[in-house]
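Enquirer: Mind looking over this structure? Questions follow.
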Amino acid sequence: MEGGLRSAPVALPMMKEAGIVLNSYTYNGLIYFLVKSGYDREAMEVYKVMATDGIVPSVRTYSVLMLAFGKRDVETVVWLLREMEDHGVKPNVYSYTICIRVLGQAGRFEEAYKILQKMEDEGCKPDVVTNTVLIQILCDAGRVSDAKDVFWKMKASDQKPDRVTYITLLDKCGDNGDSRSVIEIWNAMKADGYNDNVVAYTAVVDALCQVGRVDEASDVFDQMKQKGIEPQQYSYNSLISGFLKADRLNHALELFNHMNIHGPTPNGYTYVLFINYYGKSGESLKAIKRYELMKSKGIVPDVVAGNAVLYSLAKSGRLGMAKRVFHELKSIGVCPDNITYTMMIKCCSKASNADEAMKVFSEMIETRCVPDVLAVNSLIDTLYKAGRGNEAWKIFHELKEMNLDPTDCTYNTLLAGLGREVLDCLCKNGEVNYALGMLYNMTMKGCMPDLSSYNTALHGLVKEDRLTEAFRIFCQMKKVLAPDYTTLCTILPSFVKNGLMNEALHTLKEYILQPGSKADRSSFHSLMEGILKRAGMEKSIEFAENIALSRILLDDFFLSPLIRHLCKSKKALEAHELVKKFESLGVSLKTGSYNALICGLVDENLIDVAEGLFSEMKRLGCDPDEFTYNLILDAMGKSMRIEDMLKVQKEMHCKGYESTYVTYNTIISGLVKSKMLYEAMDLYYKLMSEGFSPTPCTYGPLLDGLLKDGKIEDAEDLFDEMLDYGCKPNRAIYNILLNGYRLAGNTEKVCELFQNMVDQGINPDIKSYTVLIGALCTAGRLNDSLSYFRQLTELGLEPDLITYNLLIHGLGRSGRLEEAVSLFNDMEKSGIAPNLYTYNSLILYLGKEGKAAEAGKMYEELLKNGWKPNVFTYNALIGGYSVSGSTDNAFASYGQMIVGGCPPNSSTYMQLPNQLL
């Protein structure tokens, strides 16, 4: 019969007429082969014939049909389950699990849970796969808390989570920003022995990166390598992505360079990560450069890579480059998609080229690439910018012809696109009035304005400081809709910035009192961060004070971000005074806020104040946590109060917190800083005898102490011991060794260690290069130091002030003044401001070469930039004038020195012309 397997349903009656009897085996097999061939509808027809003939399908047949229809037809799956029961076929775990997955994906959780209960009632015990499926669908629906409950119940049962369960939950907790759960699940995963392959390690690296804990992700990545598990391309890509999200480009580039040198070779996705980063950072030229580098490595761009580079070019309006990339993609057989065309239209918009935008849009339609709202919105914006408003409105009215029915979201997007017109011509232009009318009259077109639409208009008005209009729309909105968290974040920062404290307080109070409002710590932290960014510290503090005075909130929700911001700006004392003020208003601090303030005080070496705060929090009943104790231990170590440090450790144990490797590493570091190197070594060996697992942070302070104490052989022995224990040195350890040998004057050993570091696959950072360059400059090997300087810039590292100072000093001392001055100019162009040491070096060596006038100009620039000359500055200046025979200027500089309150030293008198003596 024609039609092959697909014609089976038609063939069945003919077979019956011919006397051919089909049995259960034949029907079940036919249904299986039809589904496998993609003929789901035909398989269902065969099933119905089978049921009519009184032949009972097997459990496997039902499961196959459920799986086939579960992708698109929930009701059919539920009907098949009922059919099984009606025909006396007992569903198995697999059948039930399929139903649970399908119902969960459709958001019908109540029914899914009923099936789960039914399984247990009928003695069909859910297995690991069932529970993992339940976790997956709960996570996909945003119910991560419920998913975690299922996970911990699994842990407590005989159906333990497997590797897939762990990886599923890790991934979703990472996406959800739940850092605590990521750590908990990873620890449980390690305890169950599932951290034994690259997939598991990569999953936790990715999850930690998702929640912003990139340093911990990097540590896990290193642990994976230490266990002999080789990271794959996707492992590197996860960590590179994390570094780039955290805006740590240098770390990402180091990993990229490591891949190029040691493998695995970067793939297209690796390059796309960097292209995306540069695009979002507004560095389109670097994005296109990375794109070209990808092609030079033999990687053919796909549509994702093309879209990434087009995004960066669209942001900067580099239409010429964008057209070249666009046509190149098509020439190699890559079909542009919606995003490609949308980015091209956006680029045309940025370049103010409406004709080109219309041309791209026409091509989009001709190639049957259905435009979405983003593409249409970009085109409307382009036409408005070109003064072609009539064409813009024509496009809007043609939305239905493009199969884009205007919805709430459509109107919201269009309002955003027309925002410039709304703001510039409010109540002046008829078309713009029509645009504003959309916000209130969507019901006339079958839609109701939603919060997104209102929030869009509010955002645009607030952005232009049109608060009167914004407040009017806000008040009208409240008549029909309750403000959400986005509304609050949109309007409060501007209220505070413009001193409208009463309005801000009223809005906040209304929001807190409404059901379902986000009134948790995280939400208020983010809100206050936004207020800080827009209104500044002074007005943000005033707003927080008003909240406390009005008794709206007496938690530290609004205070904590202020503390963190001040401490980050090295203003920990101001933060401390602020805390005292708020305590007098009845606001009580939680442990996290105390930790932020103590950390800031310790960083600024305000140890006594930090200790006082530590005592205060305990007195007020706020329990310190492990992080608090480690901060105080660090403070004691920095102030070299070892006895007190050990007392704090004892207290920590009494409170139920065990000393971790962080604690012991902190104590060892404190002992070394306190010149108690031998005691630190004794503690290290005591810990090792008790089974302690050292980390590079354990060995770092010990090696540093031994090297600075001149005990080179002891340091080498300890380093060998570190290797014997299987603790692989990281970059920090190598930097300590490099600096130690530099101090010992052993330049050859510095060079040897640097090369070993590279050979071990550890990418040097700017500190590594600076130590190496310093050692080479001291040894007079300037050409080598300049070669390494060029190398570090080629690798994407940025030299700092110390690097430049070392080279400028070295070049000046060797008489290579033109190069020194040129390097000085390069430094200023790169945005690095010279310090007093830089100026002193140039003044000294310019003077020695008889270039007193140039030295004088450097001195004037020094003063202009706010630096106060010291005795070395004046000695170098006087010496320069003396060498060039400018006696008057030499004495004038000496006079300035005396008047400026800078006492001369013996070298000053040696530099002065003889006639003073």
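Enquirer: Confirm whether N756 is surrounded by fewer than 16 Cβ atoms within 10 Å (Cβ to Cβ) and among the polar types (S, T, N, Q).
Expert: Working: surrounded by fewer than 16 Cβ atoms within 10 Å (Cβ to Cβ): yes; among the polar types (S, T, N, Q): yes.
So N756 fits the description; yes.
Enquirer: Here's a follow-up. Inside the stretch 272-303, can you point out the residues that are out of contact with any Phe, Trp or Tyr (no Cβ under 6 Å at 6 or more places or on another chain), part of a helix (DSSP H, G or I) and over 15 Å from G796 (Cα atoms)?
Expert: Within the stretch 272-303, the subset out of contact with any Phe, Trp or Tyr (no Cβ under 6 Å at 6 or more places or on another chain) is 272-274, 276-278, 280-285, 288-289, 291-293, 295-303.
With part of a helix (DSSP H, G or I) added as a condition, the list becomes 272-274, 276-278, 280, 284-285, 288-289, 291-293, 295-296, 303.
Passing the criteria: V272, L273, N276, K280, S284, I288, Y291, E292, K295, S296, V303.
Enquirer: Tally up the residues in the stretch 632-662 that are within 11 Å of I607 (Cβ to Cβ), within 34 Å of the chain's Cα centre (by Cα) and hydrophobic (A, V, I, L, M, F, W, C), please.
Expert: Counting residues in the stretch 632-662 that are within 11 Å of I607 (Cβ to Cβ), within 34 Å of the chain's Cα centre (by Cα) and hydrophobic (A, V, I, L, M, F, W, C) gives 3.
Conditions tested, residue by residue: (1) among the aliphatic types (A, V, I, L, M); (2) more than 17 Å from A43 (Cα to Cα).
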| residue | (1), (2) |
| --- | --- |
| M66 | yes, no |
| G70 | no, no |
| M84 | yes, no |
| Y94 | no, yes |
| C99 | no, yes |
| V102 | yes, yes |
| A112 | yes, yes |
| L116 | yes, yes |
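Enquirer: Then there is this: From the list G901, G831, G810, exactly one residue is of a type outside the set (K, R) and modelled with pLDDT of 90 or more. Which is it?
Expert: Residue meeting the stated conditions: G810.
Enquirer: So, in the stretch 887-917, exactly how many residues are among the small types (G, A, S), over 17 Å from L862 (Cα atoms) and buried (at least 18 other Cβ atoms within 10 Å of the Cβ)?
Expert: 1
Enquirer: When you look at Y269, is it buried (at least 23 other Cβ atoms within 10 Å of the Cβ) and closer than 30 Å to E230 by Cβ, yes or no? Give the derivation first.
Expert: Details: buried (at least 23 other Cβ atoms within 10 Å of the Cβ): no; closer than 30 Å to E230 by Cβ: yes.
For Y269, the condition - buried (at least 23 other Cβ atoms within 10 Å of the Cβ) and closer than 30 Å to E230 by Cβ - is not met.
Enquirer: Is it fair to say L461 is modelled with pLDDT of 80 or more, among the aliphatic types (A, V, I, L, M), over 29 Å from the mean Cα position of the chain (by Cα) and surrounded by 17 or more Cβ atoms within 10 Å (Cβ to Cβ)?
Expert: Numbers: modelled with pLDDT of 80 or more: no; among the aliphatic types (A, V, I, L, M): yes; over 29 Å from the mean Cα position of the chain (by Cα): yes; surrounded by 17 or more Cβ atoms within 10 Å (Cβ to Cβ): yes.
In short, no.
Enquirer: When both residues are 6+ apart or on different chains and their Cβ atoms are under 8 Å apart, which pairs have a first residue that lies in the stretch 527-546 and is at negative phi, and a second that is not in a helix (DSSP H, G or I)?
Expert: Hits for this filter: M528/F557; M528/F558; K539/G499; F543/F558; A544/F558; E545/L585.
Enquirer: List the helices (runs of 4 or more DSSP H) inside the stretch 624-681, counting only whole elements, that have at least 3 residues being surrounded by fewer than 18 Cβ atoms within 10 Å (Cβ to Cβ) and at pLDDT 85 or above. Step through it out loud before you land on a result.
Expert: Numbers: elements: 626-638, 642-654, 661-673.
Because the criterion is at least 3 residues that are surrounded by fewer than 18 Cβ atoms within 10 Å (Cβ to Cβ) and at pLDDT 85 or above, the helices (runs of 4 or more DSSP H) in the stretch 624-681 that meet it are 642-654.
Enquirer: Against the condition buried (at least 21 other Cβ atoms within 10 Å of the Cβ) and free of Cβ contacts under 8 Å to residues at least 40 places away in the same chain, how does I240 come out, does it pass? Can you show your working first?
Expert: Numbers: buried (at least 21 other Cβ atoms within 10 Å of the Cβ): yes; free of Cβ contacts under 8 Å to residues at least 40 places away in the same chain: yes.
Yes.
Enquirer: So if I check each of L606, L578, L585, L559, which one is aliphatic (A, V, I, L, M), in contact with a helix residue (DSSP H, G or I) (Cβ under 7 Å, 6 or more places away or on another chain) and over 24 Å from F495 (Cβ atoms)?
Expert: On the way: L578 fails: over 24 Å from F495 (Cβ atoms); L585 fails: over 24 Å from F495 (Cβ atoms); L559 fails: over 24 Å from F495 (Cβ atoms).
Within the list L606, L578, L585, L559, the selection yields L606.
Enquirer: Return the pairs, sorted by first residue and then second, in which the second residue is acidic (D, E) and at pLDDT below 90, the first residue lies in the stretch 599-612 and is under 16 Å from S569 (Cβ atoms), the beta carbons are less than 8 Å apart, and the residues are 6+ apart or on different chains.
Expert: From residues that are under 16 Å from S569 (Cβ atoms), the pairs are V602/D634.
Enquirer: Turning to a different aspect of this structure: Look at G600 and say whether it is in a helix (DSSP H, G or I), among the small types (G, A, S) and either surrounded by fewer than 18 Cβ atoms within 10 Å (Cβ to Cβ) or at pLDDT 85 or above (or both).
Expert: Values: in a helix (DSSP H, G or I): yes; among the small types (G, A, S): yes; either surrounded by fewer than 18 Cβ atoms within 10 Å (Cβ to Cβ) or at pLDDT 85 or above (or both): yes.
Yes: the conditions hold for G600.
Enquirer: Could you list all residues from the stretch 104-143 that are loosely packed, with under 14 Cβ neighbours inside 10 Å, acidic (D, E) and part of a helix (DSSP H, G or I)?
Expert: E110, E120, D121
Enquirer: Based on this model, can you work out whether G228 counts as at pLDDT below 85 and outside any helix (DSSP H, G or I)? If you could, list the steps in order and put the result at the bottom.
Expert: Working: at pLDDT below 85: no; outside any helix (DSSP H, G or I): yes.
No, not satisfied.
Enquirer: Another question, if that's okay. So in the stretch 144-161, with the set limited to residues that are part of a loop (DSSP other than H, G, I, E, B) and surrounded by fewer than 17 Cβ atoms within 10 Å (Cβ to Cβ), which one is farthest from the chain's Cα centre (by Cα)?
Expert: In the first step, residues of the stretch 144-161 are kept if they are part of a loop (DSSP other than H, G, I, E, B); the result is 157-161.
Filter once more, keeping what is surrounded by fewer than 17 Cβ atoms within 10 Å (Cβ to Cβ): 157-158, 160.
Working: S157: 36, D158: 38, K160: 33 Å.
Per the stated criteria, the residue is D158.
Enquirer: Among the residues of the stretch 338-354, are any more than 21 Å from L249 (Cα to Cα), outside any helix (DSSP H, G or I) and of a type in the set (S, T, N, Q)? Talk me through it step by step, then tell me what you get.
Expert: Going through the stretch 338-354, the residues more than 21 Å from L249 (Cα to Cα) turn out to be 338-354.
If we keep only those that are outside any helix (DSSP H, G or I) as well, we get 351-353.
Subset that is of a type in the set (S, T, N, Q): 352-353.
Looking for residues that are more than 21 Å from L249 (Cα to Cα), outside any helix (DSSP H, G or I) and of a type in the set (S, T, N, Q), one finds at least one in the stretch 338-354, hence yes.
Enquirer: Restricting attention to the stretch 857-888, which residues are part of a helix (DSSP H, G or I) and of a type in the set (G, A, S)?
Expert: Initially, the stretch 857-888 is screened for residues part of a helix (DSSP H, G or I), giving 857-864, 871-883, 887-888.
Matches in the stretch 857-888: A876, G879, G880, S882.
Enquirer: Can you tell me which of (1) in a helix (DSSP H, G or I); (2) modelled with pLDDT of 80 or more; (3) of a type outside the set (S, T, N, Q); (4) surrounded by 13 or more Cβ atoms within 10 Å (Cβ to Cβ) is the one V35 doesn't meet?
Expert: All conditions pass for V35, except number (2).
Enquirer: From the list Y845, Y837, exactly one residue is in a helix (DSSP H, G or I) and either touching a Phe, Trp or Tyr at 6+ places or on another chain (Cβ under 9 Å) or surrounded by fewer than 21 Cβ atoms within 10 Å (Cβ to Cβ) (or both). Which is it? Even if it seems obvious, please write down each step before you answer.
Expert: Numbers: Y845 fails: either touching a Phe, Trp or Tyr at 6+ places or on another chain (Cβ under 9 Å) or surrounded by fewer than 21 Cβ atoms within 10 Å (Cβ to Cβ) (or both).
It is Y837.
Enquirer: State all residues of the stretch 366-383 that are farther than 14 Å from T340 by Cα and of a type in the set (S, T, N, Q); if no residue qualifies, say none.
Expert: Matches in the stretch 366-383: N377, T382.
Enquirer: Within the stretch 549-577, track down each residue that is part of a helix (DSSP H, G or I) and crowded, with 20+ Cβ neighbours inside 10 Å. Outline the logic, then answer.
Expert: Going through the stretch 549-577, the residues part of a helix (DSSP H, G or I) turn out to be 549, 559-568, 572-577.
Residues satisfying the conditions are L559, S560, P561, L562, I563, R564, L566, C567, A572, A575, H576.
The values are calculated or read from the model by the stated rules, or taken from the named source; none is laboratory data. All values derive from a computational prediction rather than experimental measurement. So basically every Cβ, Gly included, is an ideal-geometry build from the backbone, and we count neighbours across all protein chains shown.
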